[in-house]
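Quick notes on the structure that follows.
The values are calculated or read from the model by the stated rules, or taken from the named source; none is laboratory data. Keep in mind the model is a prediction, meaning the values are calculated, not measured. No Cβ is skipped: glycine too gets one built from the backbone with ideal geometry, and neighbour counts run over all protein chains shown. Heads up: the accessible areas ignore ligands, DNA and RNA and are worked out on the full protein's heavy atoms, side chains in. Shrake-Rupley method; radii C 1.70, N 1.55, O 1.52, S 1.80 Å.
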Amino acid sequence: MLSLAKLKTSIKKPITVKDLIKEGACFLINHNILNGKNEIEWYLQHLYKCDKSNLFQISDNNVNDFIYNQTLNFLKERSQKIPFQYILGQATFYGRDYFVNSNTLIPRPETELLIDIIKDKKCKKLLDIGTGTGCLGITAVLEKIADSVDLIDINNEALKTAKENAQKFKIKNTRYFQLDILNDIPPIQYDIIISNPPYISDNEYNLLETQVKKYEPYNALTDMKDGYTFYERYADILNKILTNKGIAVFEISHFFPKTKLLKIFNKFSNIRFYKDLNGGLRAIKIIND
């Protein structure tokens, strides 16, 4: 792997913003990061606190020592397949930037579907199970879906990140609980329960990209079994933690057959499935009739 010192000899100062983008993009593409040009432009926008248009306006300017060193360090880390969002320390979800780190799963665009499903609902209490960054529960409050939200996670470090995000967006009616949903049950009932549980099977996990397997938290991705563990648990406890006519919305794998999930949730009759933009199954909604 190319060291930072060698990187400095290959991308020398003085260098303009435009040439740094060109050289950096080439470096990333050579390290099999095909979106390299966009990534270095995004990173420089982050450093300069500007948009693409403003970056273009300063493209002929020489970069200062700080920008140069930070960008080379970014290139080195990215070449090691550290996820772009972890390097920035933030990821966008539903149009807002959330703090992320190696203790939390990186929010994915497809997970936004869960918010779309409940967008027209209003409730007093919402539960976000396995909250990670807190992006689902916090977004529900920001979008005025829920008056208050409880965020639970087995990982206390993830809960700290969720709390930082809630503070960033000035969310007040939020509580945080370290809880293992597979063994414990929240003590109250909720009008809406939302969750993006670990649903990647152990076999599918081996097929994930290196940057996902190496850097994102293992137990936030897979149940280390067949992928159904959390849904089976939810089916067992929903009647205890969901109010009458309450709604539960869970992200699911597009590999899951409907018949299997219908069998798991056979105690419930009001079930609907939702597809993502690629036409694959992505979410299940259950109403506690």
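Considering amide H positions built from the backbone, and no H for Pro or chain starts, which residues 5 or more places from GLY227, or on another chain, come under 5 Å of its amide H?
ASP202
Magnitude of the Cβ-charge dipole of the stretch 110-225, K/R +1 and D/E -1, about the Cα centre, nearest 20 debye?
Values: 15 positive and 19 negative charges, 124 e Å.
Charge dipole of the stretch 110-225: 600 debye, to the nearest 20.
If you average the alpha carbon positions of the stretch 2-55 and of the stretch 269-289, how far apart do those two centres end up, in angstrom?
When both Cα centres are located, 41 Å separates them.
Tell me which residues come under 5 Å, amide H to amide H, from GLN90 once H is placed; ignore anything under 5 positions away on its chain.
Counting only residues 5 or more places away or on other chains, the set is VAL100.
Could you go through the stretch 244-260 in sequence order and give the Karplus-derived ³J(HN,Hα) for each residue, using 6.51 cos²θ - 1.76 cosθ + 1.60 with θ = phi - 60°, rounded to whole Hz, and x for Gly and Pro?
4, 6, x, 10, 10, 10, 10, 6, 9, 7, 6, 7, 6, x, 4, 4, 5
Post the alpha-carbon centroid distance, the stretch 87-136 to the stretch 160-205, in whole angstrom.
10 Å
Within 10 Å, count the other beta carbons around each residue, average over each peptide in 76-88, 193-205, and list them highest first. Present the calculation step by step, with values, prior to reporting the outcome.
Values: 76-88: 17.3, 193-205: 19.9.
In descending order of packing, they fall as 193-205, 76-88.
Among TYR205, ILE67, THR229, pick out the residue whose Cα is farthest towards the positive end of the charge dipole of the chain, where Lys and Arg carry +1 and Asp and Glu carry -1 on C-beta, about the Cα centre.
ILE67
Please give the calculated 222 nm ellipticity per residue for the chain, where each DSSP H segment of at least 4 residues contributes -39500 (n - 2.57) and the sum is spread over every residue; nearest 500 deg cm²/dmol?
Numbers: 14 runs with 122 residues, N = 289.
For the chain, the value works out to -12000 deg cm²/dmol.
Enter the angle in degrees (range 0 to 90, nearest 10) between the Cα long axis of helix 229-241 and the first principal axis of the Cα atoms of the chain, meaning the one along which they spread out most.
50 degrees
Cross-link list LYS13/LYS213; LYS124/LYS240; LYS214/LYS260; LYS124/LYS260: which exceed 28 angstrom alpha carbon to alpha carbon? Don't skip to the end; give the middle numbers.
Numbers: LYS13/LYS213 35 Å; LYS124/LYS240 17 Å; LYS214/LYS260 30 Å; LYS124/LYS260 32 Å.
Those over the limit are LYS13/LYS213; LYS214/LYS260; LYS124/LYS260.
Going by alpha carbons, how many degrees (0 to 90, nearest 10) lie between the helix axis of 65-79 and the longest principal axis of the chain?
60 degrees
For the ranges 245-257, 140-152, what's the packing order if you count other beta-carbon atoms within 10 Å of each residue, average per peptide, and put the highest first? Don't skip to the end; give the middle numbers.
Numbers: 245-257: 17.9, 140-152: 20.3.
The peptides rank, most packed first, as 140-152, 245-257.
Would you work out which of GLY95, HIS31, LEU182 lies farthest towards the positive end of the dipole of the chain, given +1 charges on the beta-carbon of Lys and Arg and -1 on that of Asp and Glu, about the Cα centre?
The listed residue farthest towards the positive side: GLY95.
Can you find, among SER3, PRO257, LEU20, the residue farthest towards the positive end of the dipole of the chain? Put +1 on the C-beta of Lys and Arg, -1 on that of Asp and Glu.
LEU20
Once you charge only the Cβ atoms, +1 for Lys and Arg and -1 for Asp and Glu, what is the size of the charge dipole of the chain about its Cα centre, to the nearest 20 debye?
Numbers: 40 positive and 34 negative charges, 70 e Å.
Dipole size: approximately 340 debye.
Once you place label points 7 Å from the Cα toward the Cβ at PHE169 and ASP289, how far apart are they in nm?
Result for the modelled spin labels: 3.2 nm.
Identify the residues of the stretch 193-213 with backbone N under 17 Å of a label point that sits 7 angstrom from the Cα of LYS240 along the Cα-to-Cβ direction, or state none.
193
Give me the accessible area per residue for the stretch 138-289, probe 1.4 Å, as a whole number in Å². Display every interim value, and only then the final one.
Numbers: 7710 Å² over 152 residues.
Counting only protein heavy atoms, the per-residue value for the stretch 138-289 is 51 Å².
At a 1.4 Å probe radius, carbon and sulfur cover how many percent of the accessible area of the chain?
Carbon with sulfur: 49 percent of the solvent-accessible area.
Please list, in order along the stretch 206-220, the HN-Hα scalar couplings obtained from phi with the Karplus expression 6.51 cos²θ - 1.76 cosθ + 1.60 (θ = phi - 60°), rounded to whole Hz, x for Gly and Pro.
Karplus values, whole Hz, x for Gly and Pro: 5, 8, 5, 4, 4, 5, 6, 5, 7, 10, 7, x, 4, 7, 8.
Could you tell me what percent of the DSSP beta bridges with both partners in the chain are antiparallel, to the nearest 5?
On the way: 16 of 37 bridges.
Just about 45 percent of them are antiparallel.
So how far apart, in nm, are the two label points at ASN270 and ASN32 if each is 7 Å from Cα heading toward Cβ?
So the label points at ASN270 and ASN32 sit 4.9 nm apart.
Magnitude of the Cβ-charge dipole of the stretch 172-289, K/R +1 and D/E -1, about the Cα centre, nearest 20 debye? Before the final figure, lay out the partial values.
Working: 16 positive and 14 negative charges, 85 e Å.
Charge dipole of the stretch 172-289: 400 debye, to the nearest 20.
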